[in-house]
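Notes follow the structure.
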Amino acid sequence: MNITGIKGMNDILPGEIETWQFLEETARQVFRGYGFAEIRLPVVEKTELFCRSIGESTDIVEKEMYTFDDKSGHSLTLRPEGTAPVMRAFIEHKLHAGDPVSKLYYIGPMFRYERPQKGRYRQFYQIGAEVIGVDDPKIDVQVLAMLMHYLNAAGIENVELQINSLGCPECRPGYRRALIDFLEARLDPLCSDCRRRYQSNPLRVLDCKVPGCKEATAQAPSVLEHLCAGCEDHFATVRRHLETLNLPHTVNPRMVRGLDYYTRTTFEMVTNRLGSQNAVAAGGRYDGLVKSLGGPELPGIGFAMGLERLVLMKGAGGTVAPAPELFFAGIGEAASDQAFLLMSALQKSGIRAEMDFLGKSLKAQMRRANKLGAARVLIIGEEELAKGSAQLKDMADGSQQEIRLDTALPTLLSLLRS
Ligand code: HAM
């Protein structure tokens with residue numbers, strides 16, 4: 001039996017990868033403009049990192065992590081997200097010592113054992129960005145402006161920005177209490193997960209996708225009505241700056257996000273074009289995270305976009321490898337050797353050149369040159385070779401010109417570079 005790939009983990013093939021490369025390159029370009037530097041981290045981390053940051057009673061930690069013991073018995077986990085690893089590295093390498101503000105971005109695979117469906121996979125890629133060290137609500141808006149700039153530059157349309165505030169350690173307990181009181185009176189219709197964890201993590205109930213839970217919590221108290229003065233002011237200032245920058249948004253007080261580290265501003269970029277997996281990007285503030293992982297008391301904010309979802313929005317259909325500028329066609333060993341020499345020299349000069357390696361007939365070689373979309377073909381026939389020349393054919397208009405083989409390299413270089 002053939003060995004197949006793993007369910008929910010996809011191969012990205014030529015013809016698809018071009019869209020990925022475009023999306024990644026655009027991110028590098030746009031993020032650089034906002035002063036972000038790339039950080040590249042391992043795909044495995046100590047399990048404890050995710051338990052402590054994402055939260056023990058989240059779906060990710062409870063059910064979705066790829067966790068295993070290595071040969072020394074250490075519990076390791078394939079990273080389900082990028083923020084906690086970035087904070088771990090930030091603290092470990094004392095990045096705060098060099099500059100009080102760190103702006104980092106990352107591109108790479110994440111792993112969650114979720115039920116695969118369109119837009120939801122077990123290995124998926126994120127492009128993420130994090131700013132550490134700034135309390136000012138302007139940075140929240142700067143991060144959102146960069147995200148929108150990126151989506152715009154990448155040609156991703158039909159997305160809506162939704163924002164919320166989840167409060168801080170001062171006001172969250174009051175909201176938790178109000179929510180627990182509300183849920184306690186409505187336990188019956190809740191799913192078994194929500195009944196189990198409404199005490200330890202009541203916010204998760206608002207995020208539950210089970211219809212019964214959604215219905216039962218439709219009238220749940222709003223987090224925005226429980227914010228302390230500091231959080232209320234922060235949120236109002238974020239909204240004011242969003243308006244000044246003309247960044248349209250809606251407030252969604254039910255958006256609680258699936259990770260526990262968030263404080264204050266949270267947001268999602270949602271679309272109606274991806275079915276139930278409607279978040280193209282998501283993020284928020286995590287002011288207590290760096291400290292809780294053993295670092296200095298520094299605030300943070302960031303987001304991550306799902307690359308597969310961006311690709312679905314853009315529609316695949318890039319071009320496969322770019323067409324050769326010159327294809328060498330020839331018959332016999334001597335012609336093939338000559339073609340190989342010239343082709344190698346041209347490739348070294350950055351010219352896209354190709355030749356036949358399969359000993360095909362001249363007709364078959366011309367067919368392949370056509371199929372690859374070669375602009376020109378250098379035909380090295382037996383007779384020509386004996387005369388020390390070859391025919392250069394322009395595939396667009398069919399015209400041919402004879403060129404001398406002993407000066408073929410400079411001739412081809414000047415022709416192809418003009
Ligand atoms: P998240 O909402 O879990 O947040 O994921 C961010 C984005 O990753 C989602 O909006 C979605 O586009 C994509 N995504 C998540 N799970 C999957 C999946 N199974 N298949 C395909 N795409 C997926 C985080 O991960 C936070 N670390 C974001 C953040 C950064 N917050 C602050 N900084």
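The table that follows gives values for the structure above.
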quantity	calculated
Those trypsin sites (Lys or Arg not before Pro) in segment 47-91 that DSSP places in a loop and that have at most 14 other beta carbons within 10 Å	K71
Residues in segment 151-178 reached by a label modelled at S292 [backbone nitrogen below 19 Å; 7 Å Cα→Cβ]	164-178
In sequence order, calculated HN-Hα J values of segment 233-240 (Karplus, 6.51, -1.76, 1.60; Hz; x Gly/Pro)	5, 4, 5, 4, 5, 4, 5, 4
Sorted by Cβ neighbour density within 10 Å, fewest at the top, the residues L413, L206, L76, L144	L413, L76, L206, L144
Taking segment 286-418 and dividing mean pair separation by its residue count, relative contact order in percent (alpha carbons under 8 Å, at least six apart)	20 percent
Neighbour-count order for H93, H234, fewest beta carbons within 10 angstrom listed first	H93, H234
Choice from N272, N370, N158 with maximal GNM fluctuation in the chain (Cα, 10 Å cutoff)	N370
Karplus-derived 3J(HN,Hα), 6.51/-1.76/1.60, for each residue of segment 294-306, Hz, glycine and proline x	x, x, x, 7, 10, x, x, 8, x, 8, 9, 10, x
The chain: antiparallel DSSP beta bridges as a percent of all, rounded to 5	80 percent
Label point distance in nm, A97-D135, each placed 7 Å from Cα along Cα→Cβ	2.5 nm
Beta bridges per DSSP with both ends in segment 326-417, % antiparallel, nearest 5	55 percent
Gain upon complete extension [L413, Q391; 0.36 nm per residue less C-alpha separation]	6.4 nm
Exposed GluC sites (Glu not before Pro) absent - longest run of the chain, DSSP non-H/G/I/E/B, at most 14 other C-beta within 10 Å	171-296
Residues R172, R254, R40, sorted so that the one with the fewest Cβ neighbours within 10 Å comes first	R40, R254, R172
Potential extension, R28-L341 segment - 0.36 nm per residue separation minus Cα distance	109.0 nm
Value of relative contact order over the chain, rounded to a whole percent, pairs C-alpha under 8 Å and six or more apart	16 percent
Candidate aspartates and glutamates for bridging to K360, where Cα separation is under 13 Å - those fewer than 8 sequence places away on the same chain excluded	E333
Stretch gain in nm, segment E16-K71, where the contour uses 0.36 nm per residue and the Cα spacing is subtracted	16.1 nm
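Values quoted throughout were computed directly from the atomic coordinates according to the rules given, and no laboratory measurement underlies them. Note that the structure is a prediction, hence the values are computed from the model and not measured. Neighbour counts run over all protein chains shown; Cβ positions are idealised from the backbone, glycine included.
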